[in-house]
Amino acid sequence: MGHPCHKLINFLTELAMTSELNCDAVFEMKNLYYTGNYYDCSLKATKLKEKTTSIDVKLQCDYFIHRSNIAQGMSSITLADISSSETSPELFAVRMVAEYLEKTEKRQCIHLYIILLSHYIVIHVCYRADIVQNFTKIANRFHWNSAVIFAIAKILHHEQKYEDSLRYLHVCGKSLDCLYLTTLSLLAIGQVVEAKETVAKMQRLDDDNVIAHMASAAVKMFLGNENIQDAFYIFKELQEKYGSSALLQNAVLCCFVLQGKYGEAEEIANDNMKNFSQNPEVFINAIVVSLIQGKSYETVKRYVHLMKEKFACHLWTTDLKEKEDEFDRLCETFTT
């Protein structure tokens, strides 16, 4: 029979090893999400949730599973799984974003451009006026939890209310998610110096975290010139480490476009059409590159037709439809 001290030491050693394994798995799960590998992130989180006994780790798994669902356009799953009376700040936060993006029949569709990695990357967002209100009450209810603040700020950011978004974000100075969104909001209003300072703060908190590298790359792309090549190296390194994704591929393509390397951009665009055909930015980038490269009218028209068919509510599509309707009205005016 072993000595009690030996049993305690063995127990603590096993506990420490389990904790370390959990930390490594959570770190990898998050990085898969931040690099746009949403399916892999969800799979990793599901497996980790089944293995771990830690309540905190299970919660983080649920949080990133639902964030991945939302990123893949499956907000309805989150709404079905999480109650509107959810008491967990993290789960309430993802439900709030899902509710904002879902229920198309009850909302006014607005689509907007956001400087995420470049001017060519677009995010599709739909607005519900009944959701975008009482944010301060929600923040107070959850004691200004960083996940809730991030969700509120993200909705405001999507609404292009960048200053309002920043007013909430400034209280979460140690949340990398919030600092990342702060960087993007600052870039959106042209505050490059402040954005660089925010990235430096992220690097001081955790220089190895993928989201800090993504924020740094966003700033470098905004600065242009030789900084674009630095951003390119960041994206390529992330691809080698975590695998390719529509997000990273679009980012690499944008680097090529901004550097005037249109041939390389065209190769990426063609690959993206094969591998990520469910991503609207892939089609937009293909159209942009085709126009730059002087491709035939039929080629561009085919991409435009596919964009209209697959992503009818996207900003790019609705903006084009408005211009086409306006052109038809002008033609009718002149002919009559």
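Of all residues being of a type in the set (Val, Ile, Thr) and within 19 Å of the chain's Cα centre (by Cα) in the range 177-212, which is farthest from residue 37 (Cα to Cα)? Just the residue, please. Show your work before the answer.
Narrowing the range 177-212 to residues of a type in the set (Val, Ile, Thr): 182-183, 189, 192-193, 198-199, 210-211.
If we keep only those that are within 19 Å of the chain's Cα centre (by Cα) too, we end up with 182-183, 189, 198-199, 210-211.
Numbers: 182: 22, 183: 22, 189: 28, 198: 25, 199: 23, 210: 13, 211: 13 Å.
Only one residue tops the list, namely 189.
Of all residues being of a type in the set (D, E, K, R) and part of a helix (DSSP H, G or I) in the range 181-227, which is surrounded by the most Cβ atoms within 10 Å (Cβ to Cβ)? Just the residue, please. Working first, answer last.
The first filter runs over the range 181-227 and keeps only residues of a type in the set (D, E, K, R), leaving 194, 196-197, 201, 204, 206-208, 220, 226.
So of that shortlist, the ones also part of a helix (DSSP H, G or I) come out as 194, 196-197, 201, 204, 206, 220.
Numbers: 194: 16, 196: 19, 197: 14, 201: 17, 204: 9, 206: 12, 220: 22.
Out of the qualifying residues, it is 220.
Among the residues of the range 280-336, how many are outside any helix (DSSP H, G or I), without any contact (Cβ under 8 Å) to a residue 60 or more places away in the chain and of a type outside the set (Ser, Thr, Tyr)?
Taking the range 280-336 and keeping what is outside any helix (DSSP H, G or I), we get 293-296, 311-314, 336.
Going one step further and asking which of them are without any contact (Cβ under 8 Å) to a residue 60 or more places away in the chain, we end up with 293-296, 312, 336.
Checking the rest, the ones that are also of a type outside the set (Ser, Thr, Tyr) come to 293-295, 312.
Adding up the residues that qualify gives 4.
Here is a check on your reading of the model: is residue 303 farther than 27 Å from residue 44 by Cα and either outside the structural domain of residue 41 (by TED's automatic domain parsing) or more than 25 Å from the chain's Cα centre (by Cα) (or both)?
Details: farther than 27 Å from residue 44 by Cα: yes; either outside the structural domain of residue 41 (by TED's automatic domain parsing) or more than 25 Å from the chain's Cα centre (by Cα) (or both): yes.
Spelling it out, residue 303 is indeed farther than 27 Å from residue 44 by Cα and either outside the structural domain of residue 41 (by TED's automatic domain parsing) or more than 25 Å from the chain's Cα centre (by Cα) (or both).
Say whether the condition of being surrounded by fewer than 22 Cβ atoms within 10 Å (Cβ to Cβ), over 15 Å from the mean Cα position of the chain (by Cα) and among the aromatic types (Phe, Trp, Tyr) is met by at least one residue in the range 235-247.
yes
Within the range 74-104, can you find the residues that are within 14 Å of the chain's Cα centre (by Cα) and in contact (Cβ under 8 Å) with a residue 40 or more places away in the chain?
94, 97
Take residue 174 and tell me if it is over 29 Å from residue 295 (Cα atoms), basic (Lys, Arg), more than 17 Å from the chain's Cα centre (by Cα) and modelled with pLDDT under 95.
Numbers: over 29 Å from residue 295 (Cα atoms): yes; basic (Lys, Arg): yes; more than 17 Å from the chain's Cα centre (by Cα): yes; modelled with pLDDT under 95: yes.
Taking the combined requirement at face value, the residue satisfies it.
Give the residues of the range 248-279 that are surrounded by fewer than 16 Cβ atoms within 10 Å (Cβ to Cβ), of a type in the set (Gly, Ala, Ser) and in a helix (DSSP H, G or I), sorted by residue number.
Hit for the range 248-279 is 263, nothing else.
The values are calculated or read from the model by the stated rules, or taken from the named source; none is laboratory data. Predicted model, so just to flag it, every value in this text is computed and none were measured. In this analysis, Cβ positions are derived from the backbone assuming ideal geometry, glycine residues included, and neighbour counts consider all displayed protein chains.
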